[in-house]
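> After the structure tokens below, expect a handful of questions from me.
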Amino acid sequence: MKPSPYSSLKIKEFRWFLAMRLAVVLAWSMQFVLVEWEVYRLTKDPWSLGLIGLMEVIPAIGLALFAGHIVDQNEKRKILILCYSAMTFICLALTALTHPDIAQNFTTQGILYGIYTLVFLGGMARAFIIPSVFSLLGLIVPNSEKPNAAAWSSSTWQISATVGPALAGFMIGWIGVYGAMWVVVLFVVLGISALFQLSVKHIANQKKSESIFDSLKEGLHFVFQNKTILNAISLDMFAVLFGGAVALIPVFAQDILKVGSEGFGILRAAPAVGGLITMLVATHFDLNHRAGKKLLWAVFGFGICIIVFGISTHFWISVLALFLSGVTDGISVVIRSTILQLYTPDTMRGRVSSVNSIFVGSSNELGAFESGLTSRLMGTVNAVVFGGIMTLVVVGSTAVISPKFRELDIKK
């Protein structure tokens with residue numbers, strides 16, 4: 001009998017987990033877009049957009065392994081409460097910086113330094129949030145439900161990533177950046193409220209006397225010895241790193257396509273819409289069979305879409321290219337999430353997720369930095385096309401170097 005695509009949703013705590021993730025990721029995706037728009041409005045310099053990614057990725061990478069060690073040895077819900085509380089204060093500070101009356105008391109440089117500092121602090125919180133959320137999911141659902149739960153969790157992330165950028169883009173025109181930032185604060189508070197509906201979870205790793213060095217060494221050894229996990233996260237890391245064209249969407253919206261804040265919202269949401277549709281469909285279809293080939297083809301298609309977006313001068317062609325990039329990326333996210341959930345023991349979830357965040361999660365911000373840097377060196381269009389081409393190179397190299405990964409079938 002074919003398993004129900006809604007089986008994991010029967011678990012009450014998993015539904016609260018999804019509500020928490022929906023609200024918090026929605027807040028984060030809105031905030032990132034609002035910050036992008038405000039910074040580019042102030043500077044008109046693509047390099048400044050790259051710095052946003054750099055400011056978040058430095059602490060996210062620098063603290064990732066330490067955060068994984070802390071998460072494995074402590075209660076996950078408590079860590080998330082502390083991180084989301086810090087996120088609330090960061091959102092309130094960013095809101096204050098976008099208030100017209102407050103902003104006029106500072107120079108443009110002062111406002112930028114303030115934004116970059118707050119983004120840096122957000123990156124510190126994020127270093128702990130990612131492994132905590134990953135570990136918490138593994139403790140809420142049984143192994144038999146983890147593939148289905150991973151698909152729904154990824155879909156929830158995409159729903160937020162879909163609605164957030166579009167909502168932020170439209171709200172810039174409706175109520176301005178300052179008003180939209182208050183909506184971000186509201187969503188964070190709702191996420192914290194959903195988190196309180198979850199019960200305290202047991203701590204799987206009881207090695208309290210283990211040194212940090214030994215703990216981190218064990219986590220890194222596990223990832224680098226498990227070729228399935230290593231290949232999956234490496235492939236995604238390089239694809240997202242070189243294909244980080246979304247960081248330059250404000251430039252395309254304002255200077256190349258000239259479509260304003262509403263068009264910016266549509267462009268920013270297009271990849272997330274594609275990813276959302278893919279992930280919802282994935283809950284009804286099995287992507288585990290021949291998963292290696294499917295992942296390689298998905299990332300290859302992603303690179304093609306990025307190239308098309310870079311050379312397009314027509315708004316709706318650009319939207320379509322970004323939409324299809326989301327479709328292909330959605331396939332890769334579902335497969336990778338399933339691999340991580342099924343191939344990682346409970347005692348290692350925090351550390352494995354932290355390594356994954358270094359490889360994949362932080363590559364979004366590194367991709368933004370890479371896009372900003374190459375845009376300054378070779379121009380915006382050339383930077384995006386270059387990123388797409390490099391993505392294709394990475395896929396081809398992985399297919400040749402790792403023949404076993406090409407034949408991967410995920411076993412439940």
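> With a cap of 13 neighbouring Cβ atoms within 10 Å, and only residues DSSP puts in a loop, list the chymotrypsin sites (Phe, Trp or Tyr not before Pro) found in the range 1-71.
Y6
> Which percent of the Cα-Cα distances in the range 89-167 go past 19 Å?
Details: 1821 of 3081 pairs.
Percent of Cα pairs beyond 19 Å in the range 89-167: 59.
> By the gyration tensor of its Cα atoms, with a ≥ b ≥ c the square roots of the eigenvalues, what is the shape of the range 1-74: rounded for a/c under 1.5, prolate for a/b over b/c, or oblate?
Note, shape of the range 1-74 comes out oblate.
> Can you compute 3J(HN,Hα) from phi for each residue in the range 81-88, using the Karplus curve 6.51 cos²θ - 1.76 cosθ + 1.60 with θ = phi - 60°, rounded to whole Hz and x for Gly and Pro?
4, 5, 5, 5, 5, 4, 4, 4
> Moving to a separate point now. I'd like the Karplus ³J(HN,Hα) series for the range 140-153: coefficients 6.51, -1.76, 1.60, θ = phi - 60°, whole numbers in Hz, and an x wherever there's a Gly or Pro.
Values per residue, Gly and Pro as x: 8, 10, x, 4, 5, 9, 5, x, 5, 5, 4, 5, 5, 5 Hz.
> Sorting T108, T278, T88 on the 10 Å Cβ count, fewest up front, what's the list?
Fewest-to-most ranking of T108, T278, T88: T108, T88, T278.
> Moving on. Out of the range 92-142, which chymotrypsin sites (Phe, Trp or Tyr not before Pro) are coil in DSSP terms and have no more than 13 other C-beta atoms within 10 Å?
Hits after loop and neighbour filter: F106.
> When D236, D72, D101 are ordered from fewest to most other Cβ atoms inside 10 Å of their Cβ, what list results?
Numbers: D236 25, D72 28, D101 8.
Ascending number of Cβ neighbours within 10 Å: D101, D236, D72.
> Answer rounded, prolate or oblate for the range 29-150, using the Cα gyration tensor with square roots of eigenvalues a ≥ b ≥ c: rounded when a/c is under 1.5, else prolate when a/b is larger than b/c, else oblate.
Note, shape of the range 29-150 comes out prolate.
> Using a basic spin-label model with each label point 7 Å from the Cα along Cα→Cβ, how many nm lie between I256 and N382?
1.4 nm
> For a quick check: sort V273, V352 by the number of other beta carbons within 10 angstrom, fewest at the front.
Ranked by crowding around the Cβ, least crowded first: V273, V352.
> Here's another thing I want to ask about it. With respect to the cross-link table entries K76/K227; K293/K404; K146/K227; K10/K294, which display a Cα-Cα separation exceeding 19 Å?
K76/K227; K146/K227; K10/K294
> Something else about it: Does the range 38-88 come out rounded, prolate or oblate, given a ≥ b ≥ c as the square roots of the eigenvalues of its C-alpha gyration tensor, rounded meaning a/c under 1.5 and, failing that, prolate meaning a/b above b/c?
oblate
> Within the range 168-186, find all residues whose amide N lies under 16 Å from a label point positioned 7 Å from the Cα of D101 along Cα-to-beta-carbon.
From the range 168-186, the list is 178-179.
Coordinate-derived values only; no laboratory data. On a predicted model such as this, the values are computed, not experimentally measured, just so you know. Positions of Cβ are generated from backbone atoms using ideal geometry, with glycine treated the same way; all protein chains shown enter the neighbour counts.
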